[in-house]
Amino acid sequence: MTPAGIAARLHASVDEALHLFEDADERRTALRPRPDAWSAREVLGHLIDSAATNHRRFILGQSADVERFDGYDQNIFVSRNHYQEAPWRDLVALWTAYNRHLAHVIANAPADTLTHDAASPDASTRLTLGYVMEDYVSHLRHHLEQIRQLLGR
């Protein structure tokens, strides 16, 4: 897929999610289906963390000399960001703005950089920048479906 195609898919996903998020019950966004599971706020927070991590990957991956894409511990990030206590509307605004910017970054990435590759965070395989960008959107869509279920929509 081209950078423009990936960016368009991300934009469409954001627009679709905004319909899901609008008028969500603030109380329901904080409900955890199980004590060891994330609430809708925490899932959205995880998507914010994912955006931040992938932003770095999208920028650095445009250079041919990147050796490894960095990773992070998602549970530590969700916990230390205290998403559970954050207002839903604030999380939605941050997530929306960040992803619109990432769509801009992706759309403007030179097409020839999508073949640049680097080791995965655990160094088990090599990943192209194009794969990382496409996987980001797929990952985001997976979690949007999770949020849809948590919100009962």
Complete set of residues in the stretch 136-153 that are more than 15 Å from VAL43 (Cβ to Cβ) and either open to solvent by 70 Å² or more (accessible area, probe 1.4 Å) or among the small types (Gly, Ala, Ser) (or both): SER138
Sole exception among (1) loosely packed, with under 12 Cβ neighbours inside 10 Å; (2) closer than 29 Å to ASP36 by Cα for GLU67, by number: (2)
Counted residues, the stretch 16-43 - those being open to solvent by less than 70 Å² (accessible area, probe 1.4 Å) and outside any loop (DSSP other than H, G, I, E, B): 9
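The values are calculated or read from the model by the stated rules, or taken from the named source; none is laboratory data. These figures come from a predicted structure and were not determined experimentally. Reconstructed Cβ throughout: ideal geometry from the backbone, glycine too, with neighbour counts over all protein chains shown. Surface accessibility is based on the protein's heavy atoms, side chains included, excluding ligands, DNA and RNA. Shrake-Rupley method; radii C 1.70, N 1.55, O 1.52, S 1.80 Å.
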